[in-house]
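The values are calculated or read from the model by the stated rules, or taken from the named source; none is laboratory data. Here the structure is a predicted model, which means the values were calculated and not measured. Every residue, glycine as well, gets a Cβ built from its backbone with ideal geometry; the counts of neighbours run over all protein chains shown.
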Amino acid sequence: MKLSSSLFHTILATAFAVVQSVIFKNGMIAGATPDFALIILILSAGQHGSLKGQTTGFVTGITQDILSVTPLGFHALSRTLIGYLYGVFKGKFFMDPILVPMLLAAIGTILKAVFGFLILSVFAHEYAAVVFTGALGVEIGLNVLTAPFLLGLLKLLSIVTTAREEL
């Protein structure tokens, strides 16, 4: 199997989704955990395009839906949208090893919260306010701090490359 294949980064993101759903289900700090699967989705979609981003987003999202108490499709829809949005910008930004992944992770976490709020507003409006709590701020911080390390892992596995490596 080629390491840069769509199947491999989908499996990797799904494995991280399972780990965070099973091991870190109660949260690490203030009820929040870093969303490893989201960060891998963002970095992979930005590298490989919107189709692979949508596919990875859907598979990781449906996995999280199955492992959690959320309605089936909640995470799948939001992560498919995030995968598409980040995939549209394939090749449009310089992948700095530290700052850009941090910024992409912060924006992705905010998008995840906004999509979650919109989905809950339509289907379960009484729970929509639950999305924007203090745990969201902690999750943004954790995602920002872990994004450069996950980029390093993905580069080590040759799933993503930086702009200089593409030249």
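Quick look at the values:
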quantity: Within segment 26-50, tally of residues that are over 19 Å from Ala113 (Cβ atoms) and either loosely packed, with under 15 Cβ neighbours inside 10 Å or at pLDDT below 75 (or both); calculated: 1
quantity: All helices (runs of 4 or more DSSP H) inside segment 1-112 with 1 or more residues being acidic (Asp, Glu); calculated: 50-67
quantity: Filtered residues of segment 51-94 (kept if over 18 Å from Ala113 (Cβ atoms), buried (at least 20 other Cβ atoms within 10 Å of the Cβ) and aliphatic (A, V, I, L, M)); calculated: Val59, Ile62
quantity: Long-range neighbours under 7 Å by Cβ, at least six apart or interchain, first residue under 22 Å from Gly137 (Cα atoms) within segment 80-109, second outside any helix (DSSP H, G or I) and not aromatic (Phe, Trp, Tyr); calculated: Thr109/Asp35
quantity: Whichever residue in segment 122-167 is of a type in the set (Val, Ile, Thr), part of a loop (DSSP other than H, G, I, E, B) and farther than 14 Å from Ala105 by Cβ and, among such residues, is modelled with the highest pLDDT; calculated: Thr133
